[in-house]
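Everything below concerns the one structure shown next.
Readers should treat all values here as calculations from the given coordinates under stated rules, not as data from a laboratory. No experiment lies behind these values; they were computed from the predicted model shown. Note that we place each Cβ from the backbone using ideal geometry, even for glycine, and neighbour counts take in every protein chain shown.
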Amino acid sequence: MRRFDTPYIADWFAISLRWIVLISLVAALGLGQALTLTTVFPLALMILWNLAMTSITSLNYRVTNHRIVNVMADFLTGAIFFWVQGGLDGVAWWVGLYTILTAAIYYEFWGAALSAAAYVVLFYLNLFILGTSTQPIALIKSLVLLLVGVLFGFLGRQVIVRMRRMRLNWLDAEEKKRNIQTDRLRAIYELTSTLAATLSYKRVLNSALDMAFTALTPDPEEAAKDRLVGAVLLFKGGLLQTESARRFTNADLRVTFHGSEGILKHVFDEGEPILSRDIGYDPELGRVVALRSCTIAYCFPLRSGFNVYGAMLFAHPDANYFTPDRKDLLDIIGRQAVIAIQNARLYQDLVEEKERMVEVHEEARKKLARDLHDGPTQSVAAMAMRINLVRRMVQKDTKAAGEELVRLEELAHRTTKEIRHMLFTLRPLILESQGLKAALQAMADKMRETFSQEVAIELDERVVSQMEMGKQGVVFYIVEEAVNNARKHANAPVIWVRLRSVESSVALLEIIDNGAGFDVAAVNSSYDNRGSLGMVNLRERTELINGLLNIKSAPGQGTTVQVYIPFSEEAADRLRGGLVK
């Protein structure tokens, strides 16, 4: 016994015809009052045999030599039934039809004709052995059965040809479905491979659209005729722009959307795909010429967590185009596209971060060069000139030379302090050994010794204890940058540095001076043209600790630099949402 992947229609057809004949036999026996125990036994065998064939066929099994076994079993049970129900004189003498139909299904004309001939032989055996009928009656009934056999033989051939054609069509359809599924799986695999291998936005979006079109319509001939419209819309500067599209006009590619009405608003608000049947009347998408001929659209968001990148849109003139399978396929492509967009953005962020780090290092080198030039270099040059002056004065005026040596000594001490202060700010070892408070106090002391600048430090120890060493280092450099800016530009007698808790899991760092102040808006508007990166450094270092930077200042009213520092993800979210006061 063998199992097949698909059922045979011929088997089901033969089983159905057997049931019809069996019902007819039962009816004939009942009407002829011949339904006795003797006739019921072979009839029960025929019914049990057909039940067994029904069960086997329903499981797609076939016995060895299936057709021969079926025909022989039908003939044997039919012959027994013919004999016990009265032979030619019985009410069901036509039981040969039971075998003729099966033979016609399996062997077409010759099967039906030979089955009919076998029953004719059975008729004459019954006539000669039992003699219960006359020869003319046997001849007439034999001719009738032979004609029935020939008729059903021709009909069986037609039916089998039709069934074979139906089966071939069904197999072709199933093969086509399998090929479509295979092509779609291949398209998804290629999409995944392509998207994983590229870090270019444009290539990611083009690949996603191409793969979607290929997967939705795998047949190249159908794809050429298909009127599917697709586009990827991404947020840029608060507006949705068409980054990549298929079958959009040039004018359509320039259209921008706010995403605040219609389908787009629903997609972004709900975060779920939407199937729309009035795309042509959408308040925003209705402006796209390519969509006006479409009757249905499927749109889903490109989002990951709280990050919304945009949406993918597909539309078609056929109202029944987006079947559940096609929607599932588009969802898969959309999710893969989101992952690829994330990767591309992460890569872009890394590139930008690398460029920024290069700029920061370059600026640090320039700052060090400026500080060396403006401080120790000038002092050393001045000392060289004064040493030359003293050498000349020693021979003429010894007292004046001694006074000049005293001033030269003071300059040397001051230069040494400046160099030590620069080394301290480059790598404050005390920060690693004693913590933030000691490092800031040491910075204040060096400011006082080196530049005569008073810096007052007020730190809440409980807040400092919540900071890991990396965050303390960032806070130190924020303070150092802000204090240096105030020392150079504010001319303030005192600079205050305060760190305190403002609410649960959020601390506030303030650097305050009562100096000259400045117009924050004016400086920000022209900051790209300035040679300094002080405010940029403050902002970028604040971002390293997920903080929030706020600068308050006005001419003549001093400056306050505020840095809100979160100690948890929830606190960082509150900062970004503007919920911290």
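Along the Cα→Cβ direction, 7 angstrom out, place labels at residue 173 and residue 235. What is the inter-label distance in nm?
Each label point lies 7 Å from its Cα, and together they span 4.7 nm.
Please find the FRET efficiency linking residue 516 to residue 251, where r is the Cβ-Cβ separation and R0 is fixed at 45 Å, and quote it to the nearest 0.05.
Values: r = 54 Å, r/R0 = 1.20.
Efficiency, rounded to the nearest 0.05: 0.25.
Could you tell me which of the pairs 265/327; 177/225; 446/471; 399/488 are separated by over 26 angstrom between their Cα atoms in the structure shown?
Values: 265/327 20 Å; 177/225 19 Å; 446/471 23 Å; 399/488 37 Å.
The answer is 399/488.
Within 10 Å, count the other beta carbons around each residue, average over each peptide in 148-154, 283-289, and list them highest first.
Taking the mean over residues of other Cβ atoms within 10 Å, the ranking is 148-154, 283-289.
May I ask you to compute the full-extension gain from residue 80 to residue 328, defined as 0.36 nm times their residue separation minus their alpha-carbon distance, rounded to one decimal in nm? Display every interim value, and only then the final one.
Working: separation 248, 0.36 × 248 = 89.28 nm, distance 5.89 nm.
Taking residue 80 through residue 328 to full extension adds about 83.4 nm, to one decimal.
Order these by the 10 Å Cβ neighbour count, fewest first: 467, 72, 46.
Numbers: 467 19, 72 13, 46 22.
Ordered from fewest to most neighbouring Cβ atoms within 10 Å, 467, 72, 46 come out as 72, 467, 46.
What FRET efficiency comes out for residue 161 versus residue 48 if R0 is 45 angstrom and r is the Cβ-Cβ distance? Round to the nearest 0.05. Provide the component values of the computation, followed by the final result.
Values: r = 32 Å, r/R0 = 0.71.
The calculated FRET efficiency here is 0.90.
Find, among the trypsin sites (Lys or Arg not before Pro) in the stretch 234-268, those assigned to loop by DSSP (not H, G, I, E, B) with at most 12 other beta-carbon atoms within 10 angstrom.
Details: sites: 236, 246, 247, 254, 265; in loops: 247, 254.
Within the stretch 234-268, the qualifying trypsin sites (Lys or Arg not before Pro) (loop, at most 12 other Cβ atoms within 10 Å) are 254.
Testing the spin-label approximation: label points 7 Å from Cα along Cα→Cβ at residue 469 and residue 89. State their distance in nm.
According to this spin-label approximation, the distance is 11.7 nm.
Give the order of 36, 542 when sorted by the count of other beta carbons within 10 angstrom, beginning with the fewest. Could you put the intermediate results ahead of the total?
Values: 36 11, 542 22.
So the ranking, lowest neighbour count to highest, is 36, 542.
Quickly work out the residue 307-to-residue 544 label distance, labels modelled 7 Å from Cα along the C-beta direction, and quote it in nm with one decimal.
A separation of 2.2 nm, rounded to one decimal place.
If r is the Cβ-Cβ distance from residue 576 to residue 346 and R0 is 25 Å, what FRET efficiency results, to the nearest 0.05?
Working: r = 19 Å, r/R0 = 0.76.
My answer for the efficiency is 0.85.
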